[in-house]
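Step one of this worksheet: look at the structure below.
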Amino acid sequence: MCGLSGEMRFDGGRPDLAAVERMSDRLAPRGPDGEGTWSRGAVALGHRRLKIIDLSERGAQPMTDDRHEVTGVFNGCIYNHGELRAELQALGHRFRSTSDTEVVLKAYLQWGTACVDRFYGMFAFALVEHRTGRLILGRDRLGIKPLYLAQTAGRLRFASSLPALLAAGDVDTTLDPVAVHQYLSWHATVAAPHTILNGVRKLPPATVRTVEPDGSHQDHRYWQPSYTRRPEHAGMSASEWRDAVLDALRTAVSRRMVADVPVGVLLSGGLDSSLIVALLADEGQRDLATFSVGFESEGGVEGDEFRYSDLIAKEFATDHHQLMVPSERVSTALDAAVAAMSEPMMSHDVVAFHLLAEQVAQNVKVVQSGQGADEVFAGYHWYPQLASAAREDEPETYAETYFDRSHADLSAILQPYMLPPDDVSRRFVREHMAAPGAETALDAALRLDTHVMLVDDPVKRVDNMTMDWGLEARVPFLDHELVELAAACPPELKLADGGKGVLKDAGRKLLPPEVVDRPKGYFPVPAIMHMAGPVLDRVRQALNAPEARQRGLFQDAYLTELLAAPDRHRTKRGANALWQVALLEIWLQTHGI
């Protein structure tokens with residue numbers, strides 16, 4: 001819901017309103033229903049609105065509270081805004097709208113930065129205190145909603161997307177060697193606060209940043225669940241865990257129906273999205289709009305899973321929409337998907353999500369999606385291997401299992417100027433896993449995947465691709481109470497039954513067995529997976545472009561080897577190596593870097 005932007009000056013100057021307007025214009029797809037700007041003293045705010053809650057103009061942003069103490073912009077949804085409004089009214093606050101944005105303003109006035117502890121939802125916000133000139137930036141617990149920052153000696157700019165900051169101008173666009181190392185090591189993931197550019201950073205998830213008028217700031221990380229067994233769960237049986245997970249998921253799904261517009265579901269036909277549909281049907285939802293996408297088979301790879309999504313649609317009598325995308329549409333849609341990326345994303349399904357979102361946005365403004373279940377409930381095939389490691393050996397086991405390539409491999413891929421002197425990606429994993437609060441090797445791996453890898457790959461991908469069409473995607477498997485429960489769940493219950501065991505047990509109470517017990521599916525896009533036809537032509541064009549040659553990011557011998565056999569070279573995790581390097585270059589060229 002929406003896109004926000006702004007600028008704060010530290011040098012005594014006035015904010016550049018034209019730059020804020022350029023950022024806001026670049027965010028227009030995220031908020032096609034309204035726009036606004038506000039400026040006072042050293043701060044200016046911009047906003048593009050997607051009308052989901054309180055469709056009247058009383059919900060317009062930037063919004064100032066009725067006592068003119070604070071002005072703010074907000075992106076996301078506070079699912080419990082109704083309950084919070086009632087609590088704040090009982091404390092004496094008056095409301096002129098039914099929007100969740102106004103609840104955020106009043107909650108901050110009542111509780112300060114501790115207001116985030118009371119928010120159930122996905123959000124990024126920027127609030128300005130009129131009296132002090134202080135700026136407050138906040139991001140939700142799982143980083144579902146993005147917030148990018150570009151700071152210089154005299155100024156801070158912030159926005160919901162990296163391209164919006166580029167539109168403002170004056171950004172250091174040199175490449176960050178740490179980020180490039182992570183990109184090539186972690187399947188294109190770059191962990192906050194880094195981005196691929198030296199001049200742009202990300203506010204980390206579960207963080208509130210207080211920025212003073214002189215430019216100094218203080219960060220408060222307000223949430224991190226413990227991945228340990230807890231006394232309150234002692235003695236719980238497998239069936240009790242199943243029921244607890246199902247109840248928590250039911251609550252999460254129900255919360256995400258809060259809207260003043262219809263809410264649909266992206267239905268892949270897998271366990272996760274099928275559970276969402278089943279729970280909504282169980283709660284009495286009728287004629288629920290569901291949406292599935294498929295692609296032409298290519299290279300012996302089947303491009304759709306319609307037999308499963310059709311089965312669920314029939315079982316629960318949904319209003320189902322099926323989209324089949326021909327291969328030639330993939331290549332023509334690639335550039336639009338790359339333009340929508342705040343950061344380079346190499347997963348095949350990024351184009352699929354962009355094409356799907358385009359179609360879905362013609363029918364609804366809000367959908368629920370099943371992202372996150374595999375990380376939260378240990379659904380991937382590599383988790384048993386990670387679980388078998390000794391706790392102290394987990395960082396090395398994780399690197400051997402999860403990384404696309406080693407630091408030594410990168411020395412033969414990157415030009416020397418771009419290679420950090422040490423293995424920064426492996427060091428990050430070691431430090432993250434050494435932190436207290438993870439009991440077993442699997443706990444440490446799931447904590448890393450849920451709070452780092454998930455945030456800056458699947459979650460970011462879904463936000464970018466859907467919001468480019470003014471479509472809000474809600475992810476119930478990342479409800480923070482469900483994540484807390486899953487973090488405490490015994491590892492053996494998550495690993496059971498080939499992964500996601502406790503979730504599959506829950507599914508057996510609601511779903512046809514052929515959906516619960518099916519082999520794990522992915523979102524295949526064969527034309528990209530096998531570097532077919534026009535996609536390969538686009539890759540060659542990008543890597544041979546003058547910009548790529550001038551940048552000189554990769555060693556010539558490595559690129560020559562990849563281009564000579566486009567479908568042969570794979571990373572340790574099986575990804576097409578040519579696609580990974582080409583996607584980075586395509587993204588840089590697309591965004592004028």
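If only the Cβ of Lys and Arg carry +1 and only the Cβ of Asp and Glu carry -1, the dipole of the chain around its Cα centre is close to 1020 debye. Expressed as a whole percent, the accessible area of region 1-68 that falls on carbon and sulfur atoms is 45 (1.4 Å probe). Multiplying each eigenvalue of the alpha-carbon gyration tensor of region 63-173 by 5 and taking the square root yields semi-axes of 27, 16, 11 Å, largest first, rounded to whole angstroms. Remark: C-alpha extents of region 534-593 on the principal axes read 30, 21, 21 Å, sorted largest to smallest.
Quick query: amide H of Phe554 versus all other amide H atoms, modeled in the peptide plane; which residues come in under 5 Å with a sequence gap of 5 or more or a different chain? Counting only residues 5 or more places away or on other chains, the set is Gln415.
Computed from the C-beta positions of Glu83 and His233, the FRET efficiency with R₀ = 35 Å rounds to 0.85. Computed over region 131-257, the Cα gyration tensor eigenvalues convert (square root of 5λ each) into semi-axes of 36, 20, 14 Å, ordered from largest to smallest.
Residues Arg221, Arg94 ordered from highest to lowest accessible area at a 1.4 Å probe: Arg94, Arg221. Using a probe of 1.4 Å on the protein chains alone, the accessible area found for Thr560 is around 90 Å². Each helix, a run of at least 4 DSSP H residues, gives -39500 (n - 2.57); summed and divided by the residues of the chain, these come to -11000 deg cm²/dmol at 222 nm. Taking the square roots of five times each eigenvalue of the Cα gyration tensor of the chain, the equivalent ellipsoid has semi-axes of 34, 31, 25 Å, listed largest first.
Within a straight-line Cα-Cα reach of under 16 Å, Lys494 can be paired with the following lysines, leaving aside sequence neighbours fewer than 8 residues apart in one chain: Lys504, Lys520. Using a probe radius of 1.4 angstrom, the carbon and sulfur fraction of the accessible surface of region 158-218 is 51%. Close amide H pairs (under 5 Å, H built 1.01 Å from N) link Thr290 with Val265, Asp319, His320, His321, residues at least 5 positions away or on another chain.
Here's the list of aspartates and glutamates a cross-link from Lys572 could span, going by alpha-carbon distance under 16 Å and ignoring same-chain residues fewer than 8 apart: Glu396, Glu400, Asp404, Asp409. Only alpha carbons enter this Debye calculation for region 431-589, each as an equal point scatterer, and the log10 of I(q)/I(0) it gives at q = 0.09, 0.10, 0.14, 0.15 Å⁻¹ is -0.48, -0.59, -1.00, -1.07.
Counting only protein heavy atoms and a 1.4 Å probe, the chain has 35 square angstrom of accessible area per residue. Taking a threshold of 31 Å on the Cα-Cα distance, which of the pairs Lys460/Lys500; Lys106/Lys365; Lys145/Lys500; Lys145/Lys314 fall above it? In this structure, Lys145/Lys314 lie more than 31 Å apart at Cα. Placing a pseudo-label 7 Å from each Cα along the Cα-to-Cβ vector at Asp393 and Thr152 gives an inter-label distance of 5.2 nm. Across region 1-73, Cα pairs under 8 Å and at least six residues apart give a relative contact order of 32 percent.
In the complete set of protein chains, residue-level accessible area for Tyr380 is approximately 40 Å², probe 1.4 angstrom. Mean sequence separation of contacting Cα pairs (under 8 Å, at least six apart), scaled by the length of the chain, corresponds to a relative contact order of 16 percent.
Tally up the carbon and sulfur contribution to the accessible surface of region 420-519 as a whole percent, 1.4 Å probe, everything protein left in place. Here it works out to 56 percent.
The values are calculated or read from the model by the stated rules, or taken from the named source; none is laboratory data. What you see is a predicted model; the values in this text were computed from it and never measured. Every residue, glycine among them, receives a Cβ derived from its backbone with ideal geometry; neighbour counts consider all protein chains shown. Please note that ligands, DNA and RNA were not included when accessible areas were found on the heavy atoms of the full protein model with its side chains. Shrake-Rupley method; radii C 1.70, N 1.55, O 1.52, S 1.80 Å.
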